[in-house]
Amino acid sequence: MGKTTFTLITLLFIATFSVHNTFAKEVANENIIITILDQTGFVCDDGMGSITVEASEGTAPYTYSIDSNTAQSTGAFTDITPGQHTITVQDSDACTVTLDIFIENACVALIKTGIFNDENNDGIAQQGETIIYTFTVINTGNVVLSNLDVVDPLFEVIGDPIDFEPGESDNTTFTTPYVITDTDIEACLVINQAFAVALNPQGEEIIDMSDDDSFEEDDPTIVDLPKTLSTTSLILENQIKIYPNPAVHTVTIGNSASIPLKNITIYDLKGSIIKTNLSSSEPINIRSLQSGVYFIEIKSIEETITKRLIVTN
Ligand SMILES: [Ca+2]
Ligand SMILES: [Ca+2]
Ligand SMILES: [Ca+2]
């Protein structure tokens with residue numbers, strides 16, 4: 001067994017890590033220099049990472065291994081998962097040097113949800129009423145993203161771009177009430193898709209198209225706009241009463257005709273669920289709700305109605 005040292009004498013960062021750029025990062029002990037010739041990261045798990053290194057100044061031939069796996073005769077490694085890895089090079093004198101590398105995965109995901117705000121509580125969409133959209137963004141990669149912004153072709157989204165740590169999520173920065181148009185009412189729905197755009201550490205743009213309910217999908221968001229009340233909706237609309245409204249501490253769902261209800265959910269103005277799986281058989285405790293406007297969604301077996309609730313706790 002020859003001498004082995006892990007002392008790092010030289011650690012040069014000549015170029016920054018990049019998804020596509022060529023690298024010239026070097027590490028060396030007394031005998032061997034490892035130079036990174038090329039390194040590729042991920043964009044949202046699209047493909048696998050790779051790295052190519054080259055050893056010099058030692059006694060050739062060299063062997064190369066990654067994460068203590070079987071050594072190979074070249075410094076080209078493919079199919080590397082994102083995160084931290086260690087490359088070990090050994091020369092024919094059994095001298096070794098190690099190099100820590102980090103494979104990037106720059107990834108953002110966006111969910112866009114919308115809830116129709118029936119401002120006059122008549123169960124039908126009229127011009128001037130609004131849809132409250134919520135944009136939930138998450139950094140699903142392993143690098144900091146900067147200048148994260150949400151763009152919606154339907155309207156200008158309020159909210160300044162943010163920087164975003166891995167794992168961080170946000171559903172409050174980007175909001176917008178959208179005023180529905182005659183065209184939307186005619187179509188009985190609003191369907192569209194926003195996208196999130198951010199910069200990876202190299203300043204390259206990464207983009208995710210929004211989904212309606214998943215960080216992994218790219219479906220458009222559909223908000224139904226009721227044009228006429230269906231027979232069942234009319235029954236629900238006429239038979240279900242919320243009182244008192246405005247409410248303090250408790251609110252009661254009046255169901256005098258004993259229509260079988262499937263679920264009752266309270267949403268806030270951002271469309272976030274505040275309470276769900278509520279029962280109409282007794283007053284609902286709303287002491288934990290701050291004063292403001294909420295929506296109560298009431299589902300029977302066949303239909304759904306939404307009523308506005310004002311809380312003055
Ligand atoms: Ca209305
Ligand atoms: Ca979806
Ligand atoms: Ca998506």
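Ignoring ligands, DNA and RNA, please state the percent of accessible area on the stretch 107-224 from carbon and sulfur, probe 1.4 Å.
That fraction is 50 percent.
DSSP loop trypsin sites (Lys or Arg not before Pro) in the stretch 210-313 with at most 11 other Cβ atoms within 10 Å of their Cβ, which ones?
Arg287
Of all accessible surface on the stretch 231-311 at a 1.4 Å probe, what whole percent is carbon and sulfur?
C and S atoms contribute 48 percent here.
Subtracting the Cα-Cα distance from 0.36 nm times the residue separation, let me have the gained length for Asp224 to Arg287 in nm, one decimal.
19.6 nm
Can you give the charge dipole size of the chain about its Cα centre, rounded to the nearest 20 debye, using +1 on the beta carbon of Lys and Arg and -1 on the beta carbon of Asp and Glu?
1300 debye
Find the accessible area per residue for the chain; the probe is 1.4 Å, ligands and nucleic acids are left out, and the unit is Å².
With all protein chains present, the chain gives 49 Å² per residue.
Unpartnered cysteines of the chain (Cβ-Cβ under 4.7 Å counts as a partner)?
By the Cβ distance rule, which asks for a partner under 4.7 Å, the isolated cysteines are Cys95, Cys188.
If I take R0 = 45 Å and measure r between the Cβ atoms of Val144 and Ser256 in this structure, what FRET efficiency does the formula 1/(1 + (r/R0)^6) give, to the nearest 0.05?
Given R0 = 45 Å and the Cβ-Cβ separation, E is 0.20.
Estimate the FRET efficiency between Lys275 and Glu168 by the formula 1/(1 + (r/R0)^6), using the beta-carbon distance for r and 30 Å for R0, to the nearest 0.05.
Values: r = 26 Å, r/R0 = 0.88.
With a Förster radius of 30 Å, E is 0.70.
Give the accessible area for Tyr294 in Å² (nearest 10); use a 1.4 Å probe, count only protein heavy atoms, and leave out ligands, DNA and RNA.
Number for this one is 20 Å².
Can you find, among Leu148, Cys44, Ser272, the residue farthest towards the positive end of the dipole of the chain? Put +1 on the C-beta of Lys and Arg, -1 on that of Asp and Glu.
Farthest towards the positive end: Ser272.
How far, in nm, would the chain grow between Ser73 and Thr183 when pulled straight, counting 0.36 nm per residue and subtracting the alpha carbon separation? Write down the numbers at each step before the final one.
Details: separation 110, 0.36 × 110 = 39.60 nm, distance 6.59 nm.
Taking Ser73 through Thr183 to full extension adds about 33.0 nm, to one decimal.
When the helices in the chain are scored as -39500 (n - 2.57) per DSSP H run of 4 or longer and the sum is shared across all residues, what 222 nm value do you end up with, to the nearest 500 deg cm²/dmol?
On the way: 2 runs with 15 residues, N = 313.
So the helix-based figure for the chain works out to -1000 deg cm²/dmol.
Could you work out, for the chain, what percent of all Cα-Cα pairs fall into each 10 Å distance bin, beginning at 0 Å and stopping at the bin that holds the largest distance?
All Cα pairs considered, the percentages come to 6, 21, 21, 16, 12, 10, 9, 5, 1, 0.
Tally Lys/Arg at +1 and Asp/Glu at -1 over every other residue whose Cβ is under 12 Å from the Cβ of Gly292; what's the total?
Neighbourhood net charge equals +1.
With viscosity set to 0.890 mPa s at 25 °C, what whole-number translational diffusion coefficient in µm²/s follows for the stretch 231-311 from Stokes-Einstein and a Kirkwood radius over Cα pairs? Display every interim value, and only then the final one.
Details: Rh = 12.6 Å.
Translational diffusion coefficient: 194 µm²/s.
The values are calculated or read from the model by the stated rules, or taken from the named source; none is laboratory data. Keep in mind that this is a model prediction, so the values were computed, not measured. Note that we place each Cβ from the backbone using ideal geometry, even for glycine, and neighbour counts take in every protein chain shown. Quick note on the areas: whole protein, heavy atoms, side chains included, nothing else; ligands and nucleic acids left out. Shrake-Rupley method; radii C 1.70, N 1.55, O 1.52, S 1.80 Å.
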